[in-house]
1. What whole number of Å gives the distance from the Cα centroid of region 467-492 to the Cα centroid of region 173-229?
2. With n ≥ 4 as the cut-off for DSSP H runs, can you work out [θ] at 222 nm for the chain, using -39500 (n - 2.57) per run divided by the number of residues, rounded to the nearest 500?
3. Just add up the charged neighbours of Ala418: K/R +1, D/E -1, any other residue whose Cβ is under 11 Å from the Cβ of Ala418.
4. Once the other residues with Cβ under 14 Å from the Cβ of Val255 are scored (Lys, Arg +1; Asp, Glu -1), what is the net sum?
5. What nm distance separates the two modelled labels at Thr160 and Asp127, each placed 7 Å from Cα along Cα→Cβ?
6. May I ask you to derive the relative contact order of the chain, considering only C-alpha pairs under 8 Å and at least 6 residues apart, and to give it as an integer percent?
7. Only Lys, Arg, Asp and Glu count, each charged at its Cβ (+1, +1, -1, -1), so figure out the dipole size of region 84-151 about its Cα centre, rounded to 20 debye.
8. Set Lys and Arg Cβ to +1 and Asp and Glu Cβ to -1, take the dipole of the chain about its Cα centre, and tell me which of Trp117, Pro463, Ser174 lies farthest positive.
Amino acid sequence: MNSRWHTAIAAVALFVLSACGTNPTVQPSDHSPKTTTVPNGWLSWRGPNQNGTSLETNLPSKWELNGANHLWTLDLKGRGTPVINGNRVYAWGYVGEKSELYEVLVCLDADSGKELWRHDFSDFISDIIYDRYTIGAPTIDPQTGNVFLMSTAGELTAFTPDGKVIWQQSMVESFGRGTYPNGRTGAVAIEGDLAIVHVISSNWGGQGPPRDRFYAFDKKDGKIVWASTPGVGPPFLKDSCFATPVFVWKNGRRVFYSGTGCGNVVCVDARTGIPIWRMQQSFGGVNSSVLYYKGKVIVTHGRANLDSTKIGRMNALKSDLPADTSKQTVYKLKDREVWRNEHISMFTSSPVLVGDRVYQISETGVLHCVDVNTGKDLWDMKLGTAQIHASPLYGDGKLYCPMNDGSFYILKLRDDGADVLSKVKLEGNCLGAPAAWNGKIYVFTNRKFYCFGKKGDNKGHTPAPPKPLLPTRGGKVAKLQVIPNEVLLEPGEKASFRVRAIDANGNVVGPVKNVKWEKYVPPTAKVKAKLDA
């Protein structure tokens, strides 16, 4: 009999000290970087400020196909965003058709587009239709330069900068990640020593019902650290959500804010996965990534509102934490809302924050400029007939706007509007956000991959590398965290664990050595079987 057992360590792998049976020995953690060269570039799809903006200057003001500033084009289809570290571009695209279609992560030379290495991913398990592949992005770890990607088929993989596979997790096989015809995958978020992904899953036990969930893995070895279910199920859960979390510090605690496929805006402890608060925003997903500005979370969605007959809106919510963060607080809209703008509806394209202004392209192809303090429309500009996934990028006083019809604008922003500096018509449709680095702009269509800008090293125009966010050394020990917090064992197999102490805010104090293990059978278990520790 080939039976399989799931076992969880103390249900959620968070122990109070009294459960250990002994006083643990905590060794201080060493959080210093181990690399000599700090990664520098456009390391994640929302950029270094988590809001679609570049700090770079001297970016292109004009372009034309096969003319001024057009450096190279690659025959690689894509619907996401490339990332860049130094002179290396990491692009996730797809080639072939129907049964011969497969996804590829390619590493390219920034000046020439020459392929340095590639890794292929087969679509062996999904139900994607209409070639809706690579709706997401790779992510570069700002500490090590390693590259993280989750394929459309759910293979979460960590690579060295030179393309060697470090570890891989099948999110479908191991954690019950669902696959859907729309193919929205999103990007891995690197937070300290964690790699965090956003999926819809139906796992086991308390995670059995299908829900929008976040999973955090140790970025070094791929061991699962925590799983979080901050949202709700039907009738609100209607979409697979690919919104990327936005991370901030609140009251000494590292938290993130995100929309979910069940129409909530959630706040989650980034170090432990404990849901802190949620607020039901709509029926169906909040897919656009949120913005954070001076204590406010700016949210855009394109689904049915709970309190009106209108579809979609932009609004600002209070970001503060409740007094009791040990359990999730459920807020109503009136508890959180600061302002609302019902003129904007967008299902998946994310806004850009520049100073105290938000720039959002609506689903009807209109660029809106909104006062982030009041929510009032300052001006708008028609760019196309429709917009789907593609988000704009800001840098050097200019807004770079790829549109669904393949048009790609450079807009010079003014207080009362914008001037069109340049416009090209690319082959295919633009569904991914552009990336900017070292005087160059990169953008995908579902037919080609383009690079515009200047050849060579433009160090005089690139910002200093950001300091990698390392786990904060914690204070007084409050809990123990077991890694992995979930294992799948077949008869005769063994598993090893490591334990670390965390403080009340989830910050790591250090590894723990002398822990006494107790045999444990969950009270909800249908089959009673004790496992040897």
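The values are calculated or read from the model by the stated rules, or taken from the named source; none is laboratory data. Predicted model, so just to flag it, every value in this text is computed and none were measured. Don't worry about glycine lacking a Cβ; one is built from the backbone with ideal geometry, like all the others, and counts go over all protein chains shown. Keep in mind that these areas ignore ligands, DNA and RNA; they rest on the heavy atoms of the full protein, side chains included. Shrake-Rupley method; radii C 1.70, N 1.55, O 1.52, S 1.80 Å.
1. 16 Å
2. Details: 3 runs with 13 residues, N = 533.
So the calculated ellipticity at 222 nm is -500 deg cm²/dmol.
3. Working: positive: Lys398, Lys412, Arg414; negative: Asp380, Asp415, Asp416, Asp419.
Local net charge: -1.
4. Details: positive: Lys250, Arg253, Arg254, Arg271, Arg278, Lys318; negative: Glu191, Asp269, Asp320.
Here the charged neighbours net out to +3.
5. So the two model labels end up 4.0 nm from each other.
6. Details: 1476 pairs, mean separation 96.2, N = 533.
Result for the chain is 18 percent.
7. My answer is approximately 160 debye.
8. Ranked along the dipole, the leading option is Ser174.
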